[in-house]
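To keep things clear, I will list the structure first and then write my remarks on it.
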């Protein structure tokens, strides 16, 4: 059974450990483990701002009552689209359908908020995430690609945009 609970500051250790898994370091575009203090500041800010409009919504994903990952999305007030920012599942729980349940939860939440669509970006070389987007009814927006660098000293990578139309 997969459930979602809003993040609290007590969730940071799990969040940090998940960010430190080799696969998550790679796909986040970083060269190594994140700096604890800096990541803690960012995480605490996200948690503090969750009740404010336009801010990230951070939920932890539980699989059989164990933390398995996290989900981050936002509902910009000035847009009819929601943004799916992150779906991260621990490699321990990979292949159990948890990612697909997270996508479904984000789509459900966007509908509750009255959004017309929800979109997200993924690195063009991340075939696993591209597959999950498509498997869950998202389509690639060929004109929506962007380039970004995770760290200032890295080359930019192409990010593909995927959109799910609710209406």
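General remarks:
- Hits in the stretch 113-138 - residues which are surrounded by 16 or more Cβ atoms within 10 Å (Cβ to Cβ), more than 27 Å from residue 51 (Cα to Cα) and out of contact with any helix residue (DSSP H, G or I) (no Cβ under 9 Å at 6 or more places or on another chain): 130
- Of all the numbered requirements in (1) surrounded by fewer than 18 Cβ atoms within 10 Å (Cβ to Cβ); (2) under 21 Å from residue 17 (Cα atoms); (3) without any contact (Cβ under 8 Å) to a residue 60 or more places away in the chain, residue 50 misses one, and that requirement is (2).
- Single match in 102, 68, 110 (criterion: closer than 22 Å to residue 30 by Cα and crowded, with 19+ Cβ neighbours inside 10 Å): 68
- If the condition is being over 15 Å from the mean Cα position of the chain (by Cα) and closer than 22 Å to residue 163 by Cβ, then the stretch 54-96 contributes 54, 76, 77, 78, 79, 80, 81.
Table: residues versus (1) part of a strand (DSSP E or B); (2) within 30 Å of residue 35 (Cα to Cα).
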position: 108; (1), (2): no, no
position: 120; (1), (2): yes, yes
position: 125; (1), (2): no, yes
position: 128; (1), (2): no, yes
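- Single match in 81, 105, 140 (criterion: in contact with a strand residue (DSSP E or B) (Cβ under 6 Å, 6 or more places away or on another chain), closer than 18 Å to residue 2 by Cβ and modelled with pLDDT of 95 or more): 105
- Every test in (1) farther than 27 Å from residue 25 by Cα; (2) part of a helix (DSSP H, G or I) is passed by residue 167 save one, and that test is (2).
- Among the candidates 46, 27, residue that is modelled with pLDDT under 90 and under 15 Å from the mean Cα position of the chain (by Cα): 27
- No other residue among 14, 30 is closer than 18 Å to residue 86 by Cα, in contact with a strand residue (DSSP E or B) (Cβ under 6 Å, 6 or more places away or on another chain), surrounded by 13 or more Cβ atoms within 10 Å (Cβ to Cβ) and in contact (Cβ under 8 Å) with a residue 40 or more places away in the chain apart from 14.
- Among the residues of the stretch 91-102, those identified as under 17 Å from residue 1 (Cβ atoms) and part of a helix (DSSP H, G or I) are 92, 93, 98, 99, 100, 101, 102.
The values are calculated or read from the model by the stated rules, or taken from the named source; none is laboratory data. Keep in mind that this is a model prediction, so the values were computed, not measured. Cβ atoms come from the backbone with ideal geometry, glycine included; neighbour counts cover every protein chain shown.
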